[in-house]
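Below is one structure, written out as C-alpha cells, with a few remarks after it.
Readers should treat all values here as calculations from the given coordinates under stated rules, not as data from a laboratory. Predicted model, so just to flag it, every value in this text is computed and none were measured. Here Cβ is always computed from backbone atoms with ideal geometry, including for glycine, and neighbour counts include all displayed protein chains.
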Amino acid sequence: MELILVNLIDGLVTGLLLFMLSAGLTLIFSMMGVLNFAHASFYMLGAYFAYQISIALGFWMGLLIAPLIVGIMGAGVERYGLRRVHQYGHVPELIFTFGLALLIEELVQFIWGKNQMPYSVPDVLNFTAFAIAGNSIPAYKIFMIFISIAIFIGLLYILTRTRVGMIIQAALSYPRTVEALGHNVPLIFMGVFGVGTALAGVAGVIAGPVLGTFPGMAFVLGSIVFVTIVIGGLGSLWGALVASLLIGWITTFAKSYNIAMSDILNGIGIPSPADLDTSAFRDLWTVTSPQIADILPYILMVMILIFRPQGLFGKRQS
Amino acid sequence: MKKIVKLGAVSALSLIVGAASAFAADIKIAFIDPLSGPFASTGTNGLHQFEFAADYMVNQQGGVLGGQTFEVVGFDNKISPKESLIQLQVAIDQGIRFITQGNSSGVANALTEAIDKHNRRNPDDRVLFLNYAAVDPALTNDKCNFWHFRFDANADIKMDAITDSIASNQEIERIYIIGQDYSFGKAVSAAANRFLSEKRPDIEVVGDELHPIGKVKDFTPYSRKIVASGADAVITGNWGADMLGLGKSIIENGFDGPIYTYYAAGSGITAAFGETGKGAIRLVSEGQINPPPTDEAAAYYQAFKAKYPDGNIDQSRISNTIGMLAQAIEAAGTADDVVKVAYELAGMEYESIWGGKVFMREEDHQAIQDIHIQEHTDEGITFTYDGSDYGVRSMKRIEMASMDSPTTCQMKRP
C-alpha cells in the first residue's frame, strides 16, 4: 500500500519532467506545424550549460541562466534557420531540425567529450525529505515537482489570461488575420519557439543531476516526447500534461510490479502450454511487465492513433 | 580539358592517400566498439587506452620484429552486432589481421562466430579476435574457438571473487541481483545464484531482475523494489550510463548496503558518483590501480596522464592485451601468419606491469590472473579517476583466480 504512494510520487516526477519537454514541443507544433526533432537536444544543452555555470556560480545561477541561453539560442535557430527554410515547405523544415539534432549532439561531444559529467544535486537539496515505509523521497524530487507545477501554472496563466497569450492563441489559428491587425506574427513565432526551447532547457537543468548528463541523454528521451504529444493531442497544453502524467505512471508502475504475462493469460482462461521451452509463444509467455514497461507508451500511442487520431485533447482534424 | 585536369587531380590525390596508408604503421589492430551513442564514452576511453598501450609499450620500445609498429584503428559499431559484422568486413578488407572488441558480449558472440566462419572459408587472410572485456562465459566454453582469446576474467571468475567476499561477510543475508537484459546480464545472474547457493546456502536471493539495456531513463522504480525487498547487498553487472543511473538511484532512494559491481569506475562514472558512492560501491576487476602495484605501473599511468590529462586507466587488461600480442608476434616471428601467433598466445605466461602473472589457458583461451575486490573511495588514492578526488583502492586480492575452473570448450585447432 505504501509502495503505491511512493510510486505515485515517482511517476509524478517522471511525468512532470516529460511535461516540461512536451509543453514546448506541442506549442511549437501547433504554431508552425512542424515537429522539432531537435527539441530534446535543447534539453541536453540546458543540462550541459547548467553544469558549466554551476561550476563557476553554483546550481541556482545555472537554473536561472542556462534556460535563458537555451531560449535565446532557440529563438536564433527560428529567426535565422527555420524561417528561411519555411518557404520551401514542411519536409525541408523536418530535415533541418533533424540535422540540427545531430549537429548539437556532435557539438556537445566536441566541447565536453563523451564522458558523464559530474553534475550533481546542490547540497541544500541533498537530503531525504521524508520516508514512506523505508523508501526515502529525496528533497530534490519535491523540488522538481514544485518547479514543474509552477511552470505549468505560469504558462497556463500567460496563455489564457494575458493579452500576450490571447495574441499567441489568435496567431496559432488565424495568423493572417492577426497580421492584418498590425501584430508582428514572425516575432510571436520566434518568441514561442524561444520559450519552448527554454522550457526544454529548464527540464535539462533539473533532470541533469538525477538522470545523468551525457551526450546520449537527448537520444534516450527524444522519441518518448513525440509519443507524449501525439497521445495528448498535437497542440494541446492540457493534453501534454495528461499524457505526460499517464506515461510517467504507466512506466513506473509497470517497472515496480513484476506482473508476468503468464498470470494475465491464465487469469483470462488461457492455460499455460505444457512444454514452455518448445512452445512457439515462449517469449510471449515469459515476458514480465518491467521488460515491456518502456514500450507501453508506444502501444498506447498506436491505440490512440487508431481510436482517437486527434489525441486525447486534440481539436484539429488534420 | 577541365574534366581531364579534375580526373588527374583526383587520381593523384588517391595515389597520395593510398601511398600514405601503405607507409603507415605495419601491424594494424581494428578496435570495433561503440564510439557514438549512449555508450560512446566507454568505447572511446577504451580506444585511448589501446592507442596509448600500443604507442608506449611497443612503438616507443622500437616495435616488434625489428621495427614494425602497432597502429590501433577505431571502428564505430554503435553497440550493434549487425553493425559490428559490417565493420569487421571493412577491417578485413583493409588487410587488418587483429580484431579487438570488448563492450557487449552480444557483439562478441556475433563477432566470434563470424570470425570463425571467415577463417574457415578464407585460409589466406585469417584474423584473430582479441576480446578485452566481453565476459560472457560461453565465449570460452560452448562457443569457444581457436581464434578467440579473452584477456579479461570472465563473468564466472569475477562472480567467484565477489561471492567469496559476500560469503565472508556474515551480516549479508539477503541479496538483490539486477542486470541488463542480454547475454551478459543473464550470465551474471546465473553465476551469482550458482555460487551463492554453493557458498552460503542461507543467503536469500530476494530479487533477480533484468532491465532493457541502454533504454532506461529513470531507475527509481527499480531502486524502490530493491529497498522494499529489504536486501543487504546488491549485485549488478551494469556498465556505462546504466551503471551510473542504477547506482545513483539506489543510493539516493535510501539503500545503504554495499553494491557489488563489475564496471562502476572511470568514463565519468567515478566523478559522478563522488561522495555518494563512498562506502557503497565495490568493484571486481583484474588490475590493481591503488596503491600502484609496481614502479612500472606508476610510470605507465603517469605517462598516460601526460597524454590524456582527463583520461583514466580503468582497464589495465588493455596493456596486457597489447603486451601479450607483441610478445606472441615476436616469438612467432611473423605478424601475417595468425595461426602461429595464436599458438604462441595459447599457454603464454606474461609478467604484467600491474603485478602478478597473466596465464592464457591453452584449453579455452581464457586468461587467468589476479583478481581484486576494490572500493570506490577518496582515501589512499594515488591515481584518481575522472579528475575527481575519488578512485578505486584494492581491498582484497585473489591470486590466479579460478585457475582450475572447469570449461566445456572443445577447441578445433588448425
Out of residues 5 or more away from A:Thr213 or on other chains, whose amide H comes under 5 Å of its own, with H placed 1.01 Å from N in the peptide plane? A:Met117, A:Tyr119
Helix-only estimate, please: 222 nm mean residue ellipticity of chain A, summing -39500 (n - 2.57) across DSSP H runs of length 4 or more and dividing by its residues, to the nearest 500. -23500 deg cm²/dmol
Please sort through the DSSP H helices of chain B and keep those with an alpha-carbon extent of at least 15 Å along the long axis and a Kyte-Doolittle average not below 0.0. B:2-23, B:81-93, B:155-167, B:241-252, B:317-332
From the Cα centre of the range A:157-219 to that of the range B:32-97, the distance in Å is 45
Checked against a 29 Å limit on the C-alpha separation, the offending pairs among A:Lys315/B:Lys225; B:Lys307/B:Lys396; B:Lys217/B:Lys305; B:Lys186/B:Lys225; B:Lys78/B:Lys307; B:Lys199/B:Lys225 are A:Lys315/B:Lys225; B:Lys307/B:Lys396; B:Lys217/B:Lys305
Calculated FRET value between A:Ile299 and B:Glu113, using beta carbons and R₀ = 25 Å, to 0.05: 0.15
Where does the charge balance sit around B:Tyr222 when Lys and Arg score +1, Asp and Glu -1, over other residues with C-beta under 15 Å from its C-beta? -2
What is the distance in Å between the Cα centres of the range A:26-53 and the range A:1-23? 21
Tally Lys and Arg at +1 and Asp and Glu at -1 over the other residues with C-beta under 13 Å from the C-beta of A:Thr252: what net charge comes out? +2
Charge dipole (debye, nearest 20) of the range A:2-256; +1 at Cβ of Lys and Arg, -1 at Cβ of Asp and Glu: 380
Between A:Leu57 and A:Arg163, what is the spin-label point distance in nm, taking each point 7 Å from the Cα along the Cα→C-beta axis? 3.1
May I ask you to evaluate 6.51 cos²θ - 1.76 cosθ + 1.60, the Karplus curve with θ = phi - 60°, for each residue of the range A:300-314 and list the ³J(HN,Hα) values in order in whole Hz, giving x for glycine and proline? 4, 5, 4, 4, 4, 5, 6, 9, 8, x, 7, x, 4, 10, x
Run the simple label-point estimate for B:Gln68 and A:Ile153 please: 7 Å along Cα→C-beta, distance reported in nm. 7.3
Residue-wise, which Karplus ³J(HN,Hα) couplings in Hz belong to the range B:273-279, taking 6.51 cos²θ - 1.76 cosθ + 1.60, θ = phi - 60°, and x for glycine or proline? 6, x, 5, 4, x, 5, x
Which FRET efficiency, nearest 0.05, do A:Ile111 and B:Ser229 yield, Cβ-Cβ r, R0 56 Å? 0.85
Averaged over its residues, how many other protein chain Cβ atoms are within 10 Å of peptide A:1-8's Cβ atoms? 2
Total formal charge among the other residues, if their Cβ is under 10 angstrom from that of B:Val206, Lys/Arg +1 and Asp/Glu -1: -2
How far is helix A:39-57 tilted off the main Cα axis of chain A, in degrees rounded to 10, range 0 to 90? 80
Please report how far the C-alpha centroid of the range B:125-181 lies from that of the range A:257-318, rounded to the nearest whole angstrom. 34
Where nothing but the Cβ of Lys and Arg (+1) and of Asp and Glu (-1) is charged, how large is the charge dipole of the protein assembly as shown around its Cα centre, in debye to the nearest 20? 3180
Can you give the FRET efficiency for A:Trp285 and B:Gln94, using 1/(1 + (r/R0)^6), R0 = 56 Å, r = Cβ-Cβ distance, to the nearest 0.05? 0.75
Averaged across the residues of B:266-275, what count of C-beta atoms belonging to other chains lies within 10 Å of each residue's C-beta? 5
